[in-house]
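Single-structure report; data block below.
The values are calculated or read from the model by the stated rules, or taken from the named source; none is laboratory data. Note that the structure is a prediction, hence the values are computed from the model and not measured. Because the Cβ atoms are built from the backbone with ideal geometry, glycine has one as well, and the counts that use them run over all protein chains shown. Surface areas here come from the heavy atoms of the whole protein model, side chains and all, with no ligands, DNA or RNA. Shrake-Rupley method; radii C 1.70, N 1.55, O 1.52, S 1.80 Å.
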Amino acid sequence: MTTKRPPTALEKMGLNSPMALALHLPARYEDETELFTIEEALALGRFHSIQTQGIVIRNQVTFRPRRQLLVTIEDDTASLQLRFLNFYPSQQKQMAVGAHVRVRGEVRDGYQGAEMVHPTVRAVVPEAPLSASLTPVYPASAGLSQTIIRKAVLKALQDASLKESLAEFLPTKLMAEILPSNDWPPLQDAITYLHQPPADANTQSLLERTHPAWRRVQFEELLAQQISLKRAHAIRRERRAPGFVKTKQKAASIEEGLLKVLPFELTSAQARVWSEIGLDLSNTFPMNRLLQGDVGSGKTVIAALAAARAMDHGYQAAIMAPTEILAEQHYLKMQEWFGPLGVQIAWLSGSLKAKEKRLAQEIIESGEAQLIIGTHALIQDKVSFAKLGLAVIDEQHRFGVRQRLEIQQRVGSELFYCHQLMMSATPIPRTLAMTYYADLDVSVIDELPPGRKPIATKVVKAARRDEVISGLHDWLAKGLQAYWVCPLIEESEVLQLQTAVESFEQLTQALPNFKVGLVHGRLKSEEKAAVMAAFKANEIQLLVATTVIEVGVDVPNAALMVIEHAERFGYAQIHQLRGRVGRGSADSVCILMYAEPLSLAAKERLQTLRETSDGFVIAERDLSLRGPGELLGAKQSGDAMLRFVDLQRDAWLIELAQTAAERLLDEHGDLVERHLERWLGSRTEFLKA
Ligand code: ADP
Ligand code: MG
């Protein structure tokens with residue numbers, strides 16, 4: 001019998017079984033195994049938490065500079081101030097004058113001498129025993145206290161089923177041959193240890209997650225991931241896709257026609273990736289390839305060549321882009337290249353009128369449309385392709401894992417899958433490629449088309465806005481053009497539009513001799529296109545824009561870009577934006593204007609961006625800052641694939657896990673399923689995306 005009741009806070013976090021609780025490992029620990037006098041704490045408690053105790057001799061709420069609670073405790077050796085910026089009445093009571101409290105925190109220098117800000121406080125008798133093990137602090141959520149989690153975990157660790165769930169089944173011999181040392185405890189011991197480390201445990205290695213107990217857990221997690229990636233790899237090879245073998249070029253082929261109309265020669269990097277992709281397309285199992293190349297490296301033409309080959313074999317090709325403006329850019333480019341060759345191109349976006357959409361769907365379904373270009377509409381609406389042979393996904397990281405699965409499922413069947421080419425300007429560091437993307441082949445365009453100039457990046461305070469505008473005036477007076485990018489306001493599109501309009505008006509006034517244009521996401525497609533065309537034709541000299549120009553725009557004479565409130569943008573966004581300049585013969589400049597106060601992270605970000613325009617370096621920084629989820633577009637899925645492994649810190653473990661995975665699959669196929677189930681449960685599907 002099942003009763004319907006709302007899930008508990010524990011269940012909401014997925015902590016619904018002894019095993020789930022056992023694997024809910026502490027984020028950090030508190031050391032309540034040692035107690036210091038206040039004098040010792042003042043000396044030793046800098047930069048790390050320390051535990052001390054004393055009697056409250058003052059308890060006072062003050063209001064300057066803001067409401068706060070100040071408490072002073074003392075013992076025989078010294079006194080210490082505690083400061084609480086947020087507090088409950090109950091805390092005030094707990095620390096009434098005369099109470100004896102045990103506190104834990106870091107000692108810092110405040111305005112009134114040494115103090116602890118927001119220490120943890122417990123009212124205890126002076127002789128209260130110290131804990132025997134380090135106190136775990138678990139990842140928690142609102143409404144779920146540490147006490148509740150600790151209790152639940154303790155109970156789970158005693159559950160009889162755990163013996164079975166955490167049983168050691170990896171072959172001892174294999175482990176002995178692969179593991180670097182034999183000080184890694186068995187899994188169950190490792191897990192118990194991590195939940196209840198003894199008082200003499202090496203706290204640092206526990207915190208840094210380099211302790212053998214952590215290693216054991218990390219290795220198992222990576223092993224599960226490597227196994228499922230290798231399986232995905234094998235499964236793909238068993239699927240069927242149409243093989244597009246490069247035929248001896250007929251003069252009438254679309255591919256040959258395209259090469260003729262292109263106004264440039266492929267760079268050698270482009271030629272190389274095209275031959276890699278061409279080879280994939282000739283296989284009778286689906287291609288799953290990522291084409292990586294910095295902003296402006298020329299990925300579009302590679303997509304066009306791949307599409308041409310599919311079309312030459314009588315199949316359809318689709319190109320999907322994350323934003324309307326980028327999709328439109330592709331549409332225009334493809335019209336320019338393929339239009340003269342008589343290729344039928346369909347356009348599908350969310351903003352089409354119902355009737356236009358239906359028409360587009362009809363020609364896609366009938367097969368009349370050979371090339372289909374659009375946004376998410378390609379997968380969101382009821383689109384059925386007559387004969388899709390190739391799907392190109394531009395800026396793939398902007399799509400969620402689920403959406404990428406979706407296109408595969410939409411066009412795939414048990415019998416037939418299309419080839420997939422993903423494109424991204426965001427380089428994927430090697431460690432990431434080895435873990436998340438083991439079943440993804442990667443081609444890299446590591447060379448920009450000839451004639452590109454490096455971009456000088458400057459970081460400037462917003463207070464110097466007038467200077468920037470006067471510099472802008474001199475720039476435009478030389479006959480050059482420029483972009484002015486308005487801040488991203490994530491909370492409100494209306495607010496974003498408003499600031500853009502304000503900047504537009506201010507700049508129009510400040511630069512009376514020049515034509516200033518404005519483009520933003522609220523404009524209709526035709527309006528946007530008209531402004532962009534005027535800018536391209538130099539009828540507009542300064543283009544004020546929201547981030548809609550992030551991708552796709554190509555105006556070589558515009559070699560200066562000012563980005564307002566640059567501190568609000570992420571690494572990738574600025575890198576992409578900046579890629580819009582530096583395309584012509586003029587020296588290019590990018591001015592990152594920031595408003596104070598600047599957070600430490602923003603400061604570091606702007607500094608890095610000033611120092612380098614190497615997309616690879618920038619992506620590495622991005623990764624260490626944000627974690628891989630966001631970089632991969634997995635954010636939307638909410639399922640972090642690796643919970644205990646840090647790809648940078650633990651890179652060396654990946655290779656171990658790879659070797660182990662290969663041997664396990666070869667020699668102990670029967671154990672594989674059990675291991676996967678233990679570690680990944682329902683999450684395996686994401687690995688195939
Ligand atoms: P991205 O890789 O950022 O998508 P694009 O495909 O938009 O870059 O190409 C950027 C610009 O470089 C476009 O104007 C494109 O026509 C041009 N381009 C691409 N390949 C070459 C080449 N081999 N020689 C000269 N220009 C090229
Ligand atoms: Mg592009």
(Q) Being more than 16 Å from ligand 2 (Cβ to nearest atom) and out of contact with any Ser or Thr (no Cβ under 9 Å at 6 or more places or on another chain) is true for just one of S275, S228. Which residue is that? (A) S275
(Q) Among the residues of segment 202-216, are any part of a loop (DSSP other than H, G, I, E, B), on the phi > 0 side of the Ramachandran plot and surrounded by 14 or more Cβ atoms within 10 Å (Cβ to Cβ)? (A) yes
Q. Quick one: in segment 70-80, which of the residues that are touching a residue at least 24 places away in the same chain (Cβ under 8 Å) and open to solvent by less than 20 Å² (accessible area, probe 1.4 Å) is farthest from Y111 (Cα to Cα)?
A. I73
Q) Which of the residues belonging to segment 277-292 are modelled with pLDDT of 95 or more and within 16 Å of ligand 1 (Cβ to nearest atom)? A) I277
Q.
Which of the numbered conditions does M532 fail, given that it passes all the others? Conditions: (1) at pLDDT below 90; (2) open to solvent by 50 Å² or more (accessible area, probe 1.4 Å).
A. (2)
**Q.** Residue under evaluation I57, criteria (1) closer than 26 Å to S131 by Cβ; (2) in contact (Cβ under 8 Å) with a residue 40 or more places away in the chain; (3) not basic (K, R), criterion not met
**A.** (1)
Q: Output the residue which, of all residues in segment 461-482 that are in contact with an Asp or Glu (Cβ under 9 Å, 6 or more places away or on another chain) and not basic (K, R), is surrounded by the fewest Cβ atoms within 10 Å (Cβ to Cβ).
A: A463
Q: Can you tell me which residue among K163, K151 is in contact (Cβ under 8 Å) with a residue 24 or more places away in the chain and open to solvent by 80 Å² or more (accessible area, probe 1.4 Å)?
A: K163
Q | Enumeration of residues in segment 136-148 that are open to solvent by 20 Å² or more (accessible area, probe 1.4 Å) and of a type in the set (V, I, T) | A | T147, I148
Q. When you scan segment 102-132, how many residues do you find that are touching a residue at least 24 places away in the same chain (Cβ under 8 Å), more than 36 Å from the chain's Cα centre (by Cα) and at negative phi?
A. 15
Q. What number goes with the only condition from (1) closer than 25 Å to T608 by Cα; (2) open to solvent by less than 50 Å² (accessible area, probe 1.4 Å); (3) modelled with pLDDT under 80 that D650 does not pass?
A. (3)
Q | Filter pass, P26 being open to solvent by 30 Å² or more (accessible area, probe 1.4 Å) and part of a loop (DSSP other than H, G, I, E, B) | A | no
(Q) Six or more apart or on different chains, Cβ atoms under 9 Å: show the pairs whose first residue is in segment 446-459 and away from ligand 2 (no atom under 16 Å from the Cβ) and whose second is part of a loop (DSSP other than H, G, I, E, B) and open to solvent by 80 Å² or more (accessible area, probe 1.4 Å). (A) P450/F264; G451/S585; K453/S585; K453/D587; P454/D587; I455/D587; A456/D587
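Quick grid of which residues meet (1) out of contact with any Cys (no Cβ under 9 Å at 6 or more places or on another chain); (2) of a type in the set (S, T, Y); (3) modelled with pLDDT under 90; (4) away from ligand 1 (no atom under 16 Å from the Cβ):
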residue	(1), (2), (3), (4)
A500	no, no, yes, yes
Q506	yes, no, no, yes
V519	yes, no, yes, yes
L523	yes, no, yes, yes
K528	yes, no, yes, yes
V551	yes, no, yes, no
P556	yes, no, yes, no
**Q.** Unique residue being at pLDDT below 90 and either farther than 30 Å from F616 by Cβ or of a type in the set (F, W, Y) (or both) when the list is V343, V401, V295, V383
**A.** V383
